[in-house]
Structures are given as C-alpha cells and as structure tokens.
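Here's the structure, in structure tokens; my notes come after.
The values are calculated or read from the model by the stated rules, or taken from the named source; none is laboratory data. Predicted, not measured: the structure shown is a model, and the values here were computed from it. Positions of Cβ are backbone-derived with ideal geometry, glycine not excepted, and every protein chain shown enters the neighbour counts.
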Amino acid sequence: AHEEGLSNLRVMCHDAVEVLHKMIPDNSLRMVQLFFPDPWHKARHNKRRIVQVPFAELVKSKLQLGGVFHMATDWEPYAEHMLEVMSSIDGYKNLSESNDYVPRPASRPVTKFEQRGHRLGHGVWDLMFERVK
C-alpha cells in the first residue's frame, strides 16, 4: 500500500462484527468485500455462517447509498444461502442481470486456492448487492 501511495487502506485483525459496530461510521463505505468466508458445511453449524440477516443489515448500515456488498464463495450451498439472505433484505439490489450471481469482476483477485479449484472443476459464485435505501 505504501509503495502504491495508498492512504485510505486499513487492515485490522479482529472480529468483523465488532469492527463494523465500533470502528466504522454509518454510511461511510463504498464497498465491503467478503471473499471465501468459512461455509460451515454441516447443517447444524449453518447458524455460524457470517452471512446472516443481522450481519447483512449491519453491512448495509455502513455502506453509502450506492455502495456495494461483494461476496464470493466456492461452496454452492453457501452461495444459495447468501443469495437467499441478501434477497430478503429491503434496501439491497442484486446487481446480477439474472438476479442471482455475477461474473467474477476483474477487481477480485484470483487466489491460488481458487486456481486449484478451477483446475479441479470446482465453481466459484460471486454476489454483488448495491445499497439502494
């Protein structure tokens, strides 16, 4: 970041929910990116997934109008869960033309893990929702 002259980048190694609640002002972010969060594969653990209605509402409160919440996962059931959660919240608009997933934007880097997954035929699902209210 320093070499690129970036002055608006902050890195925090802390619980994301606490950071959003205590350190990020409302209506201050243009984008929130959540790439490959733990999918909690077992059904009894699904409640531990970070993308739930309360978290998505919290993110929305931190986004500026027109701000975007961009998520990506390589676990299709989690992608479906994300889509269901995000679609249930008033004030978000799905940016997908087909009202589900978007192609990977060039702005999202491809990780080594993702490259390996592609070689093995695994899918990746990107979701982008704009704050409209």
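Annotations for the structure displayed:
- Of all residues in segment 74-92 being in contact with a helix residue (DSSP H, G or I) (Cβ under 8 Å, 6 or more places away or on another chain) and modelled with pLDDT of 95 or more, the one that is surrounded by the fewest Cβ atoms within 10 Å (Cβ to Cβ): Ser88
- Answer from Leu95, Leu127 - the residue that is under 22 Å from Glu57 (Cβ atoms), at pLDDT 95 or above and in contact with a helix residue (DSSP H, G or I) (Cβ under 6 Å, 6 or more places away or on another chain): Leu127
Matching residues to (1) at negative phi; (2) part of a helix (DSSP H, G or I):
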| position | (1), (2) |
| --- | --- |
| Val85 | yes, yes |
| Ser96 | yes, no |
| Arg104 | yes, no |
| Arg108 | yes, no |
| Phe113 | yes, yes |
| His118 | yes, yes |
| Gly121 | no, no |
| Phe129 | yes, no |
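- Ala72 being within 24 Å of Asn46 (Cα to Cα), without any contact (Cβ under 8 Å) to a residue 60 or more places away in the chain, of a type in the set (A, V, I, L, M, F, W, C) and not in a helix (DSSP H, G or I): yes
- Filter pass, Met31 being modelled with pLDDT of 95 or more, buried (at least 18 other Cβ atoms within 10 Å of the Cβ) and at negative phi: no
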